[in-house]
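To keep things clear, I will list the structure first and then write my remarks on it.
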Amino acid sequence: MVILILLSGILIDLDHLLANPIFDSQRCSIDYHPLHSYWAIAIYITLLLFKKTRLLSIAFIIHIVADLADCWLLALQSK
Ligand SMILES: [Zn+2]
């Protein structure tokens, strides 16, 4: 089960690979990649309500929060 959570955390990062360039440290992932859009985040929060998908949802939300923290750091740096 823990493996599944770790894998899903990596899985959500696959949409970073769809972006061009693949890695850009100056780019905020949130609302840029399809799996990081606001409707995707809304789905992750909805998954939290169901026992079966709760662990998966937590893995996704942890990823989003980590990316969000990156965005905040970027915003601080650019000022
Ligand atoms: Zn990400």
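Can you give the charge dipole size of the chain about its Cα centre, rounded to the nearest 20 debye, using +1 on the beta carbon of Lys and Arg and -1 on the beta carbon of Asp and Glu? Can you show the working numbers first?
Working: 5 positive and 6 negative charges, 68 e Å.
The dipole of the chain has a size of about 320 debye.
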Item to complete: Calculate the radius of gyration of the Cα atoms of the chain to one decimal place, then report Dmax, the largest Cα-Cα distance, as a whole number, both in Å.
Response: 13.2, 43
Response to the item:
The exposure ranking of Leu35, Leu76, Leu4, fewest beta-carbon neighbours within 10 Å first, is Leu76, Leu4, Leu35
Worksheet item: With the dipole of the chain worked out from charges on the C-beta (+1 for Lys and Arg, -1 for Asp and Glu) around the Cα centre, which of Pro21, Ile5, Leu76 lies farthest toward the positive end?
Response: Ile5
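Each value in this text was obtained by applying a stated rule to the coordinates, not by laboratory testing. On a predicted model such as this, the values are computed, not experimentally measured, just so you know. As a convention, Cβ positions derive from the backbone with ideal geometry for all residues, glycine included, and neighbour counts pool all protein chains shown.
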